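The structure appears right after this line, and notes come after that.
The values are calculated or read from the model by the stated rules, or taken from the named source; none is laboratory data. Computed from a prediction, not measured in an experiment: that's the story for all the values here. Because the Cβ atoms are built from the backbone with ideal geometry, glycine has one as well, and the counts that use them run over all protein chains shown. Accessible surface areas use protein heavy atoms only, side chains included; no ligands, DNA or RNA. Shrake-Rupley method; radii C 1.70, N 1.55, O 1.52, S 1.80 Å.
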Amino acid sequence: MKKLDIMGYSVEIDGEITQKYYEKYSEWGCECLHCRNFLALARERKLPKEVLEILDSLGIPPEKATYVCQMIEKENGHLYQFSYRISGNILAEKSVNTAYEWGEIRCTHEIYPYGAPDFPKPHFDLEFWLTLPMILEE
């Protein structure tokens, strides 16, 4: 396992197990408008560059989120929560959640295993909260 700092979270990651899982894993499969909108943004790499840089460094395609949910409509778009499961452990959590200009990030254990019920243990979830535009017709 390789020790990393992800935006203030100390973690250890097994990159090989993580990448092997995502090689066989399909894109997020929900067909609702908001999930299709997220997938369109992810496929076109229209997520914030900070998010893409983290996912690229872990070898995870952005469209292969293991959980996606549109939370609320906001004045400047839609607040989404989306996660990616990672093989490894959280060694130390941040003492304070930090909001960045582009959104928020957390390393946590997602309680909804919809997208990755067969992911090898130990694991944790890399969770993002950010506002995204609606690019599909409603």
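Checked against (1) of a type in the set (D, E, K, R); (2) surrounded by 12 or more Cβ atoms within 10 Å (Cβ to Cβ); (3) free of Cβ contacts under 8 Å to residues at least 40 places away in the same chain, D14 meets all criteria but (3).
Within the stretch 46-62, if we keep just the residues that are out of contact with any strand residue (DSSP E or B) (no Cβ under 9 Å at 6 or more places or on another chain) and either in a helix (DSSP H, G or I) or among the aliphatic types (A, V, I, L, M) (or both), the residue that is most open to solvent (accessible area, probe 1.4 Å) turns out to be K49. Screening R43 with (1) open to solvent by 50 Å² or more (accessible area, probe 1.4 Å); (2) modelled with pLDDT of 90 or more; (3) out of contact with any helix residue (DSSP H, G or I) (no Cβ under 9 Å at 6 or more places or on another chain) gives one miss only, at (3).
Among the residues making up the stretch 68-119, those that are within 17 Å of T18 (Cα to Cα) and touching a residue at least 60 places away in the same chain (Cβ under 8 Å) are R85, I86, S87, G88, N89, I90, C107, G115, A116, F119.
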